[in-house]
Every structure is written in C-alpha cells, then in structure tokens.
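Here is the structure we will look at, set down as structure tokens.
The values are calculated or read from the model by the stated rules, or taken from the named source; none is laboratory data. Bear in mind that the values here come from a model prediction, so they are computed numbers and not experimental data. In this analysis, Cβ positions are derived from the backbone assuming ideal geometry, glycine residues included, and neighbour counts consider all displayed protein chains. Protein only, heavy atoms only, side chains kept; ligands, DNA and RNA dropped before computing areas. Shrake-Rupley method; radii C 1.70, N 1.55, O 1.52, S 1.80 Å.
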2 protein chains.
Amino acid sequence: MEFNFSSRMSLMNGTATREIFKLLSRPEIISFAGGLPASECLLTEKLARFAAEALSGADAKRALQYGTTEGFADLRRELINYLDAAGIGNQTPENVLVVSGGQQGIDLVLKSFIDKGDSVLVENPTYLAFLQILNSYEGIARGVDATDDGLDLDDLEKKIRLYGPKILYCVPTFSNPTGKTYSAANRRGLIEICARHGVIILEDDPYGRLRFKGEHIPPLKSFDASDTVVYVSSFSKIMSPGLRVAVAAGPKEIIRKMAIGKQGTDLHTSNLSQLITLKYLQSGELAADIQKSLPIYKLRKDAMMSAIDRYMPEEFIHTDPDGGLFVWGRFNAPLNVKELLPEAVEQNAVYISGGVFYADPALGRSAIRLNYSNESPERIERGIAALGNLFKKKIAEAKRNG
Amino acid sequence: MEFNFSSRMSLMNGTATREIFKLLSRPEIISFAGGLPASECLLTEKLARFAAEALSGADAKRALQYGTTEGFADLRRELINYLDAAGIGNQTPENVLVVSGGQQGIDLVLKSFIDKGDSVLVENPTYLAFLQILNSYEGIARGVDATDDGLDLDDLEKKIRLYGPKILYCVPTFSNPTGKTYSAANRRGLIEICARHGVIILEDDPYGRLRFKGEHIPPLKSFDASDTVVYVSSFSKIMSPGLRVAVAAGPKEIIRKMAIGKQGTDLHTSNLSQLITLKYLQSGELAADIQKSLPIYKLRKDAMMSAIDRYMPEEFIHTDPDGGLFVWGRFNAPLNVKELLPEAVEQNAVYISGGVFYADPALGRSAIRLNYSNESPERIERGIAALGNLFKKKIAEAKRNG
C-alpha cells in the first residue's frame, strides 16, 4: 500500500544526532556527536530514594493516577522558586508549565504560533532539532549573523524588517552548537529590538547552570520588562534526561495556549518524573550537586582543548566555552566534513558535521560540533587525535590536488 | 502585547474533560465525567518495587540517561509478545513504537498524515480528545452513522466516496463514549471497505482488556491482512495513567514517520516509565492483575445500571456495556444537557454533555456520557439519584411549557 503522508513529513528526516546515537552502542566508538550529560553525574541512588518516596504514602496515588496538563501545583510552586533563583522573578502558577523535556517546550511554542510559511529567526548556527521541529510546522527558518558575544543586532533588525518573523529562537548561554554566551549588553539589545517589533523570543536554556568558568550572566528573560520572552529550561543536563522534565515560563496567554497544545499530545508529563523532580527541588540539594559536577565538565573540556591544540590542523578555528557541553570549530580549508564522517567512524570517532545547524546548510560545510561531556579525558584525547590525523591528511591531499 | 497565535489555536479549546477535572478536587462532587481507572486497582507497592529495580544496578543509568525515540529494544520485544497474546501476531521491532500515552499515539498518526483541510472519518459519537487533536492539524472530522454492533457500513462507504478521507478513527472495543463493541462481522466489513479505498484505520484500544462480561472479540488489527490498521493500546487503564506509556503498532513505513514525529516533540518516553512497564510485562503478572480488577469494574457498572433503572427518567435510553469505563445515554425529550450542567454541579454530580463527542455537536444535544470506574457503588447511586431528580424535574417543566 502506498501511503499519502502529510506534506510536513517530506521536510522531516531523522535528525543527525538521533541517527548517530544508533552507532554508539559500539563501545570502541568515541563519540563527540551527542549531547549527553556525564553519566558519572547521574545521581542514581538519590533519585531512586525520591522515586521510592513518590511511590509510597499519600503521593503514590498521584504518581500513578491521571494528573493535570499544567503539572502538579506544588511542583509549579517549586519551579517558581527555582526560576527566581536564576534571576527570573515575579512568576505565578499561570506563567509556568511543566513540559516533557525542553524539546516539548520548543514544540509547544511553535504549535502555538507557527502556521505554514511563517518565518522564524535563528542564530547562524543554531540547535539542529529546532530546525527539525520548525519543519514539522512548515515554518521557515531565517538565519541571523552572529558575533563572538551574541547576535549581530544590525542583522537582527534587518532580518526582522525583511521577513516579519513571529519568533526569534536562541540558546544565549553556552549555545548549542557553539558553546558561546551572549553578553549582557547583547541580551539587552536583542530584547529591545524584538520588543519594539513585536517578535516573541524563545530562549532555550538547558546549559545555563553548567558554568565552570567566568562570570554568571542572567537569562535573557531576567532582562525582559516587556514580556517578550518565553523561557524553556530543562532538568535533562542537571538531573536526568531520561525522566523528561523541563519547565516553560512566559506570558500567561502563551502558557495557556501551550497547555492546550500539550493536552493534545501527551496529556501531561509523567507524574512519577514530576514527583522525583519535586522532591529533588524540595531537598535543596540540587545546587550543591551541580557544583560538584562542574569539575568533571571542566576536566573534559580542558582535555578537549589540549587535544585540539596538539592534534588538530592549524586550519581548525574553534570556540573555548566557559560551560555547557559543546565546542564548535571551522576549517579554514576546503573540507567537506559531512563526506568525511564515514572515514571518521572507521577511525572510531564521531562528530556532527556543521550543515545541520544552519537554516542554509551550505554555511556549515566546513564546520563541526564536538561534544566533550560524556567521554573520559583519555578517550577525548584518543578521539581528537584520530580526527586530527584524518583532517590533516585530507587538508594535505586537498593542497596537493588544489 | 497582542499575540498573533497560529490559526490552529483558534480551533482548540481546553477539552471538556480537562476543564471539569479542575472541579474534582472538591470531595463532595461525585464525578461521572472523567475516564480514570479505579484508583483501588493501581498497584502502588508492585510498581514501586519495579521502579526500585529500574533505578538500581545496570538499569539505573539507562533509566536516567537519554534513550532512543523508538523505545527500549527489550521493551519493544515484550510489547510484541503482548500484542501477540491479544491476537496481533507477526509484529517486528520496526512495527512497534513506544509512545507517551495513547493520546500521543493518536497525535503522531495525525502528524504523519493530516494536512490542513484533510478529512478524517469518525464514529458518531467519538472520543472527544480525538476531535481536539484533529483540530490541532486543521483536519476536518466527518461523522459516520453507527449501529448497535459497529459502524453503518453503507454510510461508511458513502462517506468515503463523498469526502475521500485519509483515515478512519475508531474505538471498536468498549467505545469511548458509548461503551459498545463492534461485532467481528462489522470489523471484517469495515477493514474490507477501508482497504479497498486505501483508507488507514486508526484503532484506539485503551479498554479492550477490561471485559467483565461476554465473549472476547479480537482487535480490528487482528483481522487486518492488508496492513490497513495502525493500532494504539495504552497501559493507562490496566497499569497506570500517570506513567504515560502506550504502544503503537502498524506498517513499518508509518511507524517510522511516527518516530520522526516523536523526535520533534518529546524525544522519547520517560525511560523510568518504560522500565517499570518492561519489568511488569516480564513478571508475567499483568494478566492476573487485570482479572482481579474486573469484579471492581463490574460492581460499579452494575451499581450504575440499577441506579439508572431506579432514578433516571424513562425517557433516558442508554447502553449497558460488557466492559470499559462508560455508559452513554440519550434523552427522548427536548433537554439541553449542556445548559443543565451547572445545576448538576450544584447537586454535586457531573457528567459530560454529548455535543463534544460529535463532529457536529448539535447531534449530542440531549446525550450524556457517564463514567462509572472511579466512584464507589454508594456514591454512584447517590450521584445518579441527584441527576435523575434533576432531569425528571426538567422534563416535567419542558412538558408543562411545551
């Protein structure tokens, strides 16, 4: 039987990361491709204790019975405190929605706003799954040029005038894929421009708490006097991705629409996952646990930096992030990194080639994203050495042929 | 700030059940409105034991780390056995997708197929949330007439010719909202018609295991030689709705599209919920536990039948289901049951008025859905008595005025 799928499906493919994840069951493969938190930082005993509490006494029935779409009221109260501690004050239960991972927060914002053909601005480069989700609404991604400290504000305003976008999507703190952080001045500037033009900002902040160096810069939303920002923050990188819990905060009219959209997809987030998150927040231990995890991330990032210095060709220009999970680099040489990926896999190392992070994939032809959070320093060195040798060889070949 | 929401949002409101759920925190309210499994049947100690296992030893890391979109491979293998026991044989891992509740299974099928303006056939009446999800894709629901033993096959074929629908959606076993079950002959007939016209059947089967009377009729999909059926079955009513786990099974091309759609929404279903389900299936205890729960459901359904006989006006014509959660009835009298709902709430009893279950709400003006699964026999009697008195009074008033 031939199936007549919806037109959105012709725009959607399995995302690069998810397809590459399937390779990762082979233990010899050193993966710089994913975005997994360090497995060593997953506090299995602690979360097992919270799960046991959630499934005993008065909580057990609410863990297992249906819940409300918005999420448990006591969890939303704890999330308001959590947001407040991050600099996002004055939230009420009507401003806050529990979502099944940050991915769902993004999906619900687009569901609330995007009709076929609507424009959305993204940074060049941006989170690849965002582009995929936007395709599912048949929206059009328009790239905005970036600078070292954020978005190019002139280009932002130019693209707003040119495309009349409904939304600007960005990851301002330890960006995926670049690892860079927008400056406070850049944050203020982009909020001012978006507010003036009536463009909603979707701020994706899964990595903000994972700063191992430099000074904290508060979320965009903390600068937001004009209620222009919908903020999505996930517990995937600081508690557990497997439990699928995140929070969205924004103007209550938008949160209401997102809740209606959520009713029509998973009805509500797993109650057990919600209660584990609630108990963790109530314990007051999360902040200290994050502190304890930071040296692990720093060690791995430092290992990647030394290995890059030692093994990668001099044509590789890269970021050196103060937190988060990713390093981004570009070859000042005519390498097609996507075509080289199978050879890298033969050398037991994987990266993600840059094209998938762009509204216009040609822009990422010679760029790669490297994740350092889920491999040991020893394996990071080994993997970067393998990649460095491969890239050096290819650049030498290109020079000979060119 | 004025928000320029997507056009789909103008079609979507909070569904009637979810809004009514908010009333239910008042303990004096006797609710016939929801679709909750009996809280007494939620096996908290057993599921707590499985959760503890899932969060210890080798499983702990996979409970907490990212997983694959399709669901754990060992869970999918258990689900293939589970489907096989239900009469759906010959499934492979490529035919099966773990979803975050049956609701998400429905959502992903529509995401895979429905463009704005596409027609979908539904039974008159049908599951209200289905209509809401279809609105989120701006599809158009077309009602098919029903008979006591299924769909009116002549009307089905007529509507297929008239509207060229992509999908027929139905709940063939203990239907929501009517509680009725399609006969085997009707199942064969509708598969033959849909296969001949290339119409995908979306079979929603959350209640099939909850039969407390009469003879088992296998799922539509077990009659499906032509690979026309996508089958969705939930663990919400037989294990726990709060954990949000269900399974979709269908042609592998469709399951692949659904998985791509799922990547773009919640990435994967909660791993902890998946592992609890896996361990429950591996234990082999599910079937016996369901058997033990059936007398509770039967007792409640019987209590509702006696109370209806005793208290409801003779103008109330209703179903008497052999399983599932719902009784459906219609007043042979000019009652607007939606307008009466606030008065029912004053009498501490709630039902769902029939209009929301129809593609054309006018058809449900004098019909109501009554749920019996989550109230005790005593409260069922008290609630039906309150409703019966109200409806009798209103019918008498209508006769005086008419």
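The table below gives the values:
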item	result
Number of positions in region B:113-167 that are of a type in the set (S, T, Y), part of a helix (DSSP H, G or I) and open to solvent by less than 10 Å² (accessible area, probe 1.4 Å)	1
Matching residues in region A:305-323 - criterion: being open to solvent by less than 50 Å² (accessible area, probe 1.4 Å) and among the polar types (S, T, N, Q)	A:T319
Residues of region A:370-402 satisfying the condition of being open to solvent by 10 Å² or more (accessible area, probe 1.4 Å) and closer than 30 Å to A:L42 by Cα	A:N374, A:E375, A:S376, A:P377, A:E378, A:R379, A:E381, A:R382, A:A385, A:A386
Candidate set: region B:54-84, residues that are without any contact (Cβ under 8 Å) to a residue 40 or more places away in the chain and out of contact with any strand residue (DSSP E or B) (no Cβ under 8 Å at 6 or more places or on another chain); chosen: the one nearest to B:R187 (Cα to Cα)	B:D84
Complete set of residues in region A:87-98 that are surrounded by fewer than 19 Cβ atoms within 10 Å (Cβ to Cβ) and at negative phi	A:G89, A:T92, A:P93, A:E94
Residue in region A:186-205 that is at the interface with chain B (Cβ under 10 Å from one of its Cβ atoms), open to solvent by 20 Å² or more (accessible area, probe 1.4 Å) and not hydrophobic (A, V, I, L, M, F, W, C) present	yes
Flag for B:L24 being facing chain A (nearest Cβ under 8 Å), assigned to a helix (DSSP H, G or I) and either at pLDDT 95 or above or surrounded by fewer than 21 Cβ atoms within 10 Å (Cβ to Cβ) (or both)	no
Count - residues of region B:348-363 that are part of a helix (DSSP H, G or I) and under 18 Å from the mean Cα position of the chain (by Cα)	4
Residues (in a helix (DSSP H, G or I) and either of a type outside the set (G, A, S) or more than 8 Å from every other protein chain (Cβ to nearest Cβ) (or both)) located in region B:37-53	B:E40, B:C41, B:T44, B:E45, B:K46, B:L47, B:R49, B:F50, B:E53
Answer from B:A225, B:A185 - the residue that is touching a helix residue (DSSP H, G or I) at 6+ places or on another chain (Cβ under 9 Å) and either small (G, A, S) or over 18 Å from A:E2 (Cβ atoms) (or both)	B:A225
Leading residue by the ranking (farthest from A:G34 (Cα to Cα)) among those in region A:213-233 that are open to solvent by less than 30 Å² (accessible area, probe 1.4 Å) and more than 12 Å from every other protein chain (Cβ to nearest Cβ)	A:K221
Every pair of residues 6+ apart whose Cβ atoms lie under 6 Å, when the first sits in region A:173-194 and is part of a helix (DSSP H, G or I) while the second is open to solvent by 10 Å² or more (accessible area, probe 1.4 Å)	A:A184/A:I217; A:N186/A:D149; A:R187/A:F223; A:R188/A:F223; A:G189/A:L153; A:I191/A:F223; A:I191/A:D224; A:I193/A:E157
Region B:195-224, residues that are free of Cβ contacts under 8 Å to residues at least 24 places away in the same chain and farther than 27 Å from B:I296 by Cα	B:R196, B:G198
Selection status of B:E339, modelled with pLDDT of 95 or more and either assigned to a helix (DSSP H, G or I) or surrounded by 19 or more Cβ atoms within 10 Å (Cβ to Cβ) (or both)	no
Members of region A:99-112 that are touching a strand residue (DSSP E or B) at 6+ places or on another chain (Cβ under 6 Å) and at negative phi	A:V99, A:G102, A:G105, A:V109
Top-ranked residue in region B:234-258 [being at the interface with another protein chain (Cβ under 8 Å from one of its Cβ atoms) and within 12 Å of B:V109 (Cβ to Cβ); ranked as most open to solvent (accessible area, probe 1.4 Å)]	B:K257
B:K292 surrounded by fewer than 22 Cβ atoms within 10 Å (Cβ to Cβ) and touching a Lys or Arg at 6+ places or on another chain (Cβ under 8 Å)	no
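Matching residues to (1) touching an Asp or Glu at 6+ places or on another chain (Cβ under 6 Å); (2) not charged (D, E, K, R):
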site: A:P125; (1), (2): no, yes
site: A:L131; (1), (2): no, yes
site: A:S136; (1), (2): no, yes
site: A:G139; (1), (2): yes, yes
site: A:V144; (1), (2): yes, yes
site: A:D152; (1), (2): yes, no
site: A:D155; (1), (2): yes, no
site: A:K158; (1), (2): no, no
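For every residue, the table says whether it meets (1) at the interface with chain B (Cβ under 9 Å from one of its Cβ atoms); (2) among the aromatic types (F, W, Y); (3) not in a loop (DSSP other than H, G, I, E, B).
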residue	(1), (2), (3)
A:A63	yes, no, yes
A:G67	yes, no, no
A:D74	no, no, yes
A:N81	no, no, yes
